[in-house]
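S.K.: The structure that follows is given in the form of structure tokens.
Just so you know, all these numbers are worked out from the coordinates, no wet-lab data involved. Bear in mind that the values here come from a model prediction, so they are computed numbers and not experimental data. Cβ placement follows ideal geometry from the backbone for every residue including glycine, while neighbour counts extend to all protein chains displayed.
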Amino acid sequence: MSESKKVMMLGNAAIARGAYEAGVKVSAAYPGTPSTEISENLVQYKDDLYCEWSPNEKVATEVAIGASMAGVRAMCSMKHVGVNVAADPLYTVSYIGVSGGLVMVAADDPGMYSSQNEQDTRMVARAAHVPVLEPSDSQEAKDFMKEAFEISEKYDTPVILRTTTRLAHSQGMVELCDRIDVPDKTYERDIAKRVMMPAMAKKRHLIVEDREARLEADSCDFSINRVEMRDTKIGVIASGIPYQYVREALPDASVLKLGMVNPLPRKLIEDFAKKVDRLYIVEELDPLTELQVRSWGIECIGKEIFTVQGEYSANMIRQAVLNEDLALKSPAEIPNRPPILCPGCPHRSVYTVLNKLKLHAAGDIGCYTLGAVAPLSVIDTTVCMGSSISTLHGMEKAKGKDYIKNWVAVIGDSTFMHTGVNSLMNSFYNQSTGTVMILDNSTTGMTGHQDHAATGKTLQGDIVPAISIYNLCKSIGIKNVTEVDAFDIETLEKVVKEEVAKDELSVIITKSPCVMLKQKPITHKCVSDPDKCRKCGMCLKPGCPAITKRDDGTIAIDDTLCNGCDLCKNLCKFEAISDRSL
Amino acid sequence: METKNIMIVGVGGQGTLLTSRILGGVMTDGGYEVKMSEVHGMAQRGGSVVTFVRYGDEVFEPIVEEGCADVLIAFERLEALRYAHYLKPDGVLIVNDQRMDPMPVVMGAAKYPENIIEDLSKEYKVISVDALSEAKKLGNAQVFNVVILGVAAKHMDFTVDQWNAVIERIVKPKFVEINKKAFAVGLGKEK
């Protein structure tokens, strides 16, 4: 590429491009909003690098660590809660350091667009003594990836690139560069550095402390930490997307823009604070920067006027800092539009059966968590990836086997492969009598259809032997493992009744591919006959978005939405719903 | 030039992302700095979705603030109502005259508001278009979003050739012609 080229890029695409340009050779990840598109974009460079979907974030991180030890630049990417799963290797690789540069991309979700909590990855990074870079637009996302690898190798440390949903899913202009050729590091055995047992780790801990102190001092001169002096009445310390809100709301204010948010450049901050009349710290989520700055005896204004919840905006900053009355209109009070399972979703069929049998479900993380929402309202609990099976087990141990006779655990195929299988092994080992339903739709659905170890296809598009979930459950030693078509509601009802009644651990695998995969061609749509409709509401119970009530109480089916799954037809006792072939 | 703020709102799965890609493409070609912000993940499953598009000489934040939208493109009536307060006092609301009942309405827990377009017209400049019917006339209901884009295009400063060039670049080859037609229908729709 001889001349520079600018293109529009999603933040996540820019991160992938940055990894490519930085000479990354290995990448591993587990899908999770808002990080998924990083790997999906990285795969376009597969001639120059290797990338994979790993079963979970811990494995992905360890894959990247191994690649770094072998001497190449490596990365892993995940959403914020994935960092918890990966915390075990992260805390210790901080002691080990790197050979080839090692970067973890962690995507936080202020506002919880698609997450179960609003945790701040900077907290984890501080605890693990790992430096954190935070870009504020797509161009920086790409540039900071390259910077992260430089810092990683120079300071012998893993580096976290922290993003948020707004950065990950915003597009901006990015200037493309060529890929850097980074020669592989020669492997040299170094047991004292890479085998973390007490005697070695004690020495490494000292090195970690020293490294952090050097980084703190050196980062005062890093170009990614930038002072923009304008009017000195208001000074702001900001990083990431909030920096953009500050520039929009307070165009005349002086800003210390932090590219590295851990460790913080103390001297730079002290000097900046002296130059401005009032110092504000604008950071989404937890007051990490603020608490550190206050601990140095510097007066500042932060969370007393800014929330720890959700996303910020320029209007919010205008109101909080300038006390401006923006005379905004209030939003109309109108019905919500919560997300729902798609028309033709196999989960809806399974939940219809569970509702009929008046069963409670210990839920898990995926599209099927939407079964908690009315009218299905079948999921009672959801904690984290893989937790359905183990929480059900805990309930049984607390209250006895009869207590869970009206309960099942529900978990998707990808989530089962992620961490659910560990919980199932525990249920078998510790003699659970519960019923586990694996809703196998042959994909990781919620994040936009990624493959996993049980689908038979890799991120790079290679066809590989698929792990059979049935055989996996059998190999644990579980006697009662049954596969059922998710849309065969009669058989499913019979099997669930039988298995729940047993005083033994059971697994029911409901099978039908995600309707969005379009594996099965749609051959027909369902149509309703208002003359036959008795307005009983049976077909409305599963909450299919294609079905609505007419003013006279009969039902109508929207044929642009219907995917012809026949669930409503099979529920109708009056033959008021029929198929219309396409 | 002052930064212009465009919003596209609709129901997850309606194809707002393709529309925003075309918009972003034409603005980039026009030599502007462009920033866009989208919704991926859970809300894409039939929830309320919003895309922000901003263009100008220098653009900072990628979102449109309440009370600042120059053009609001709504793919559905209730979503038009949900986001109308984002419009500037002299902003333009382009609404697809289609009703999609959200689950609380289907269940009878809430009522779909009546006369949305009439009520919004009292406060804002509203252009209503039955894009789905227009798209069906062209033989492909899915291109309704590009019909709406055609209507909206009159409130932005780009030529038909610029729009068509982007459609040719972004849309899959076999759907280019029908999308260009859909755009032309939208463009010819309103005084």
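S.K.: Peptide A:254-265: average number of partner chain Cβ atoms within 10 Å per residue?
M.R.: On the way: counts 0, 0, 0, 0, 0, 0, 0, 0, 0, 0, 0, 0.
Mean partner shielding for this stretch: 0.
S.K.: Here is a follow-up. Using modelled backbone amide H atoms (1.01 Å from N, in-plane), which distant-in-sequence or interchain residues come within less than 5 Å of residue B:34's amide H?
M.R.: When sequence neighbours closer than 5 places are left aside, the close amide H contacts are A:173.
S.K.: If the label point is 7 Å along Cα→Cβ of residue B:110, which residues in the range A:537-566 have backbone nitrogen under 18 Å from it?
M.R.: In the range A:537-566, the label zone of residue B:110 (backbone N under 18 Å from the point 7 Å along Cα→Cβ) covers A:543-549.
S.K.: Related question: Between the range A:475-518 and the range A:248-280, how many Å separate their Cα centres?
M.R.: 58 Å
S.K.: A follow-up question, please. Can you pull the one-decimal nm distance between simple spin-label points at residue A:476 and residue B:161, each 7 Å off the Cα toward Cβ?
M.R.: Computed distance between label sites residue A:476 and residue B:161 equals 6.5 nm.
S.K.: For chain A, find the longest principal axis of its Cα atoms and tell me its angle to the long axis of helix A:240-249, 0 to 90°, nearest 10.
M.R.: It is inclined by approximately 80 degrees.
S.K.: May I ask which residue of A:300, A:110, A:432 lies farthest towards the positive end of the charge dipole of the protein assembly as shown, with charges of +1 (Lys, Arg) and -1 (Asp, Glu) on Cβ and the Cα centre as origin?
M.R.: Most positive-ward Cα: A:432.
S.K.: Which whole-Hz ³J(HN,Hα) couplings does the range A:354-360 yield from phi under the Karplus relation 6.51 cos²θ - 1.76 cosθ + 1.60, θ = phi - 60°, glycine and proline marked x?
M.R.: Ordered by residue, 3J(HN,Hα) equals 4, 5, 4, 7, 6, 9, 8 Hz.
S.K.: Using unit Cβ charges (K, R positive; D, E negative) and no other charged atoms, how large, in debye to the nearest 20, is the dipole of the protein assembly as shown about its Cα centre? The partial results should precede the final answer.
M.R.: Numbers: 88 positive and 103 negative charges, 337 e Å.
About 1620 debye.
S.K.: Add +1 for every Lys or Arg and -1 for every Asp or Glu among the other residues with Cβ under 14 Å from the Cβ of residue A:69, and state the total. Mind showing how you got there, number by number?
M.R.: Values: positive: A:25, A:73, A:185, A:189, A:193, A:194; negative: A:62, A:153, A:156, A:184, A:188, A:190.
Summing Lys/Arg as +1 and Asp/Glu as -1 gives 0.
S.K.: Another question, if that's okay. Please list B:63-69, A:270-276, A:156-162, A:199-205 highest first by mean number of surrounding beta-carbon atoms within 10 Å per residue.
M.R.: Working: B:63-69: 21.9, A:270-276: 15.9, A:156-162: 25.3, A:199-205: 13.4.
In descending order of packing, they fall as A:156-162, B:63-69, A:270-276, A:199-205.
S.K.: Using a 10 Å cut-off on Cβ atoms, rank the peptides A:385-397, A:521-533 from the highest mean neighbour count down.
M.R.: Details: A:385-397: 22.5, A:521-533: 14.6.
Going from most to least packed, we get A:385-397, A:521-533.
S.K.: If you build the convex hull over the alpha carbons only and average its shadow over all orientations, what do you get for the protein assembly as shown? Give it in nm² to one decimal. List each step's numbers first, then the result.
M.R.: Values: hull surface 140.3 nm².
Orientation-averaged projected area of the Cα hull: 35.1 nm².
S.K.: Continuing with this model, one more query. Measure off 7 Å from each Cα along the Cα-to-Cβ vector at residue A:523 and residue A:178, then give the distance between these two points in nanometres to one decimal.
M.R.: 5.7 nm
S.K.: Which far-off residues, 5 or more places away or on another chain, put their amide H under 5 Å from the one on residue A:409, with H placed in the peptide plane?
M.R.: The list, which skips near neighbours in sequence, is A:362, A:435, A:436, A:437.
S.K.: What distance in nm lies between label points placed 7 Å from Cα along the C-beta direction at residue A:466 and residue A:550?
M.R.: 4.2 nm
S.K.: Taking beta carbons within 10 Å but only from partner chains, what does the mean come to for residues B:104-111?
M.R.: Values: counts 7, 6, 12, 7, 4, 4, 3, 2.
Mean number of neighbouring Cβ atoms from other chains: 6.
S.K.: Here's a follow-up. Under the rule of -39500 (n - 2.57) per DSSP H run of 4 or more residues, summed and divided by the residues of the protein assembly as shown, what mean residue ellipticity at 222 nm is obtained, to the nearest 500 deg cm²/dmol? Present the calculation step by step, with values, prior to reporting the outcome.
M.R.: Details: 28 runs with 271 residues, N = 773.
So the calculated ellipticity at 222 nm is -10000 deg cm²/dmol.
S.K.: Here's something else I'd like to know. Give me the inter-chain shielding for B:62-75: mean count of other chain Cβ atoms within 10 Å, whole number please. It would help to have the intermediate numbers written out before the result.
M.R.: Working: counts 12, 11, 2, 10, 7, 5, 5, 0, 0, 0, 0, 0, 0, 0.
So the per-residue partner count for this stretch is 4.
S.K.: List the residues, sorted by chain then number, that are 5 or more residues from residue A:301 or on another chain and whose placed amide H is less than 5 Å from its amide H.
M.R.: A:279, A:280, A:281
S.K.: I want the local charge near residue A:579. Using Cβ-Cβ distances under 15 Å, sum +1 for each Lys or Arg and -1 for each Asp or Glu among the other residues.
M.R.: Here the charged neighbours net out to +1.
S.K.: Specify the inter-centroid distance of the range B:1-41 and the range A:215-232, based on alpha-carbon positions, in whole Å.
M.R.: Cα centres, the range B:1-41 to the range A:215-232: 33 Å.
S.K.: Right, next: Quick one: Karplus J couplings for the range A:454-471, per residue in order, coefficients 6.51, -1.76, 1.60, θ = phi - 60°, nearest Hz, x for Gly and Pro?
M.R.: Taking θ as phi minus 60°, the curve returns 9, 9, x, 9, 9, 4, 7, x, 6, 8, 10, x, 7, 5, 7, 5, 4, 5 Hz for the range A:454-471.
S.K.: Which one of A:371, A:487, A:323 has its Cα pushed farthest toward the positive end of the charge dipole of chain A, where Lys and Arg give +1 and Asp and Glu give -1 at the Cβ?
M.R.: Positive-end residue among those listed: A:487.
S.K.: If a/c stays under 1.5 just call it rounded; otherwise compare a/b with b/c (prolate if a/b is bigger, oblate if not). Do that for the range A:524-581, with a ≥ b ≥ c from the square roots of the Cα gyration tensor eigenvalues. It would help to have the intermediate numbers written out before the result.
M.R.: Numbers: a/c = 1.40, a/b = 1.28, b/c = 1.10.
The shape class here is rounded.
S.K.: Between the range A:418-440 and the range B:60-96, what's the alpha-carbon centroid distance in Å?
M.R.: First find each Cα centre; the distance between them is then 48 Å.
S.K.: Could you run the Karplus curve 6.51 cos²θ - 1.76 cosθ + 1.60 with θ = phi - 60° over the range A:505-517 and give me ³J(HN,Hα) per residue in whole Hz, x for Gly and Pro?
M.R.: 5, 10, 10, 10, 9, 8, 10, 4, x, 3, 5, 6, 6
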